[in-house]
Amino acid sequence: MATAADLAWLIPVLPLVGATIVGLGLVSFSRTVSRLRRPAALLLTSTVGASTVMSVANLWEQMTGAPSHEQLFDWANAGTFHLQMGYCVDPLTAVMLVVVCGIALLVMLYSHGYMAHDQGYVRFFTYLALFSSSMLGLVVSPNLLEIYVFWELVGMCSYLLVGFWYERNGAAHAAQKAFVVNRVGDFGLLLGILGLFWASGQLDFQGVATGVEAAVAHGDLSRSVAVLLCLLVFMGPMAKSAQFPLHVWLPDAMEGPTPISALIHAATMVAAGVFLVARLEPLYSLFPQVRLVIACIAALTCVLGASIALTQMDLKKGLAYSTVSQLGYMMLAMGCGATTAGLFHLVTHACFKAMLFLGSGSVIHAMEAVVGHEPVLAQDMRLMGGLRRKMPVTASTFFIGCLAISGIPPLAGFWSKDEILGQALATSQLLWGVGWLTAGLTAFYMFRLYFLTFEGNFRGHDAAVQARLLAAAGAGHGEQEQEQERHHGAGTVRESTWSMTLPLLVLAVPSLGIGLLGVPWHSRFAALLDPHEAMVLMEEFSWSHFLPLAGASVAVALVGVALATVAYGLGWVKLGRAVAQRLPSLNAFLANKWYLDAVNERLFVQGSRRLARQVLEVDAKVVDGAVNLTGLLALGSGESLKYLETGRAQFYALIVFGGVVGMVVFFGLQ
């Protein structure tokens, strides 16, 4: 009888088949298929649902002690060279399959309500299914080459989804930015994969580590080159998981529909980089220098994301910079050698951050009834406030998400984040200090988002604020267009439909309790991924060590919550205005996102354009000039020589005689 692992190849194939059927229908019979909204959505959602059921079955098998399963076939042969493809199922794969499928299924259900009136409804669901298939294929990949294939497919789907509303300039530019930045990281990843294959002759994860270790030990590969190859491979996760300095694409990607923010930028695609680093843990464990670089980059990413989130007024971008910071936590764990802790935070973060993004989408969807469909207005927290009374389900689940990400026990974020901080302290007090400070900043900016959105008085009807925001954003609306926009959105805020609130309620359950699977004195999560590490953690656990660290992290989180409550919940202190007045340079530094976008614009965008203009000028004046000069010389010489071609023998004899006389004179003078 076939086991769930034997059929695991169907998990990425089923959504791919559904996306292919509907996609070919859209290409061939666009109008007809576009009208079949519900049948198409039902087909695609059913394929992801079937993959979810199979993923849960695989996870159950791994939890009950089933061995890892790998199925390979020869994809290319050349003499002794064999390139294999296939799929593998182990505890890490099983966990990631459930996370990806579960979030994708909930996002599809949510999208039925969120995208109900969008003309691209069927196309959107097709993209979702194609992305889900690509991500699932990446998760089950048994080697680096197959991961790279699906890595690029995931990037393509991200480009399509971020730029889904391509008629908006912001969405088109965001998709291009995401594509270009990820190509930078992917180029390094490709070079690293080729270099590791050259060094080890292997592409599977354990084989690469063993081969590189043997090559370094025998002197066939210098240690510095091995470190360089490892860092080149890490460039891929740097871009995909938004690590400094390749994080700049993620906040701009919020131009895509909000369900995409939840699926790609909170739970799945951005986690691909963390997943790849976890897969390469046998290799990275050989080189402490690589781990140190990863940890330092991650620590900087933590602070960067959290500090920029302090000044964001766009609800989705505030959550986006929060995601950057939390991805820094995951990579910090990887750099400190705490792979299990980083993966546990990946799972818990996927639950509460997907819920937060979907909650923000519920708010934006409701705000559009008041301010219209202009994103500058619908997403700005200065036009929100008081929504808790009108949207109780969205507000309650958003509040749970804020508690979870802030690290308040016993919610999910506390256990995973605390484990990372404990491992960071064992590595470096400085790294722990950065993570500890970021925990306080996280609690502050998350409750700032909550209070500005859900508490106080509703500010959505303030026409002066709307006009100021549109003018500041350069939206280009004339007075008549603004009046039409406001008239179109002259409704009231109300709770979202059941298809949007049900996923929020479902995600609230793991956000509350899934962290209990990773308690340090009996971590079931660690026991699933690495039983030996779980035994070590249990033996080394000490309440005298755990309580001070946990107390410190909870204390700084409570301080952040208290400051946000005083400043934005009760309004006793105008903290934002006070910082802007007393520390204008710091406020400008954070509001301008550490000026990194300006640096990239000046250095890379404008710099590449200047270089292109100079190359064009060289091409026009030097290359084309040389070609044109050759043509002119040929034309001129032809025009001159045609007068010498008279056809008269006497004239030719005279030329020969003149030439002979000239040679005699020349040699006579010598």
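The values are calculated or read from the model by the stated rules, or taken from the named source; none is laboratory data. Values in this document were obtained by computation on a predicted structure and should not be read as measured data. Don't worry about glycine lacking a Cβ; one is built from the backbone with ideal geometry, like all the others, and counts go over all protein chains shown. Each accessible area value is taken on the protein alone, full model and side chains, heavy atoms only, with ligands, DNA and RNA left out. Shrake-Rupley method; radii C 1.70, N 1.55, O 1.52, S 1.80 Å.
Within the set Met330, Met313, the sole residue that is among the hydrophobic types (A, V, I, L, M, F, W, C) and open to solvent by less than 10 Å² (accessible area, probe 1.4 Å) turns out to be Met330.
For segment 472-512, the set of residues classified as in a helix (DSSP H, G or I), modelled with pLDDT under 80 and within 32 Å of the chain's Cα centre (by Cα) consists of Ala472, Ala473, listed by residue number.
Residues being open to solvent by less than 50 Å² (accessible area, probe 1.4 Å) and touching a Ser or Thr at 6+ places or on another chain (Cβ under 8 Å) are entirely absent from segment 599-614.
Are any of the residues in segment 584-593 over 30 Å from Tyr321 (Cβ atoms) and either open to solvent by 90 Å² or more (accessible area, probe 1.4 Å) or not basic (Lys, Arg) (or both)?
Looking only at segment 584-593, we keep the residues that are over 30 Å from Tyr321 (Cβ atoms), and these are none.
No: zero hits.
Whether any residue in segment 84-91 is out of contact with any Leu (no Cβ under 8 Å at 6 or more places or on another chain), farther than 23 Å from Met269 by Cβ and either in the same structural domain as Leu128 (by the TED database) or assigned to a helix (DSSP H, G or I) (or both) is what I want to check. No, the conditions are met nowhere in segment 84-91. Across segment 20-43, the qualifying residues are those that are modelled with pLDDT of 90 or more and touching a Phe, Trp or Tyr at 6+ places or on another chain (Cβ under 8 Å), and the one among them that is nearest to Ala104 (Cα to Cα) is Ala41. Here Val376 meets the list (1) open to solvent by 10 Å² or more (accessible area, probe 1.4 Å); (2) of a type outside the set (D, E, K, R); (3) on the phi > 0 side of the Ramachandran plot almost entirely, failing just condition (3). Of the residues screened, Phe399 is one that is touching a residue at least 24 places away in the same chain (Cβ under 8 Å), surrounded by fewer than 22 Cβ atoms within 10 Å (Cβ to Cβ), in a helix (DSSP H, G or I) and assigned by the TED database to the domain that holds Pro548. Taking each residue of segment 524-536 that is touching a residue at least 40 places away in the same chain (Cβ under 8 Å) and farther than 14 Å from Pro67 by Cα and looking for partners that are in a helix (DSSP H, G or I) and of a type in the set (Phe, Trp, Tyr) with beta-carbon atoms closer than 8 Å, six or more apart or interchain, yields Phe525/Phe344; Ala526/Phe344. Sort through His522, His532 and tell me the only one that's more than 30 Å from Asp252 (Cα to Cα) and surrounded by fewer than 10 Cβ atoms within 10 Å (Cβ to Cβ). Answer to the selection: His532.
Take the conditions (1) in contact (Cβ under 8 Å) with a residue 60 or more places away in the chain; (2) surrounded by fewer than 21 Cβ atoms within 10 Å (Cβ to Cβ); His117 misses just one of them, which is (1).
For segment 379-396, the condition of being surrounded by fewer than 21 Cβ atoms within 10 Å (Cβ to Cβ), modelled with pLDDT under 90, out of contact with any Ser or Thr (no Cβ under 6 Å at 6 or more places or on another chain) and closer than 19 Å to Ala526 by Cα holds for none of the residues.
Annotation: Gln606 fulfils all but one of (1) of a type in the set (S, T, N, Q); (2) in contact with an Asp or Glu (Cβ under 6 Å, 6 or more places away or on another chain); (3) outside the structural domain of Gly440 (by the TED database); the unmet one is (2).
When each of Phe604, Phe657 is tested for being modelled with pLDDT of 80 or more and either acidic (Asp, Glu) or closer than 30 Å to Pro245 by Cα (or both), the lone residue that passes is Phe604.
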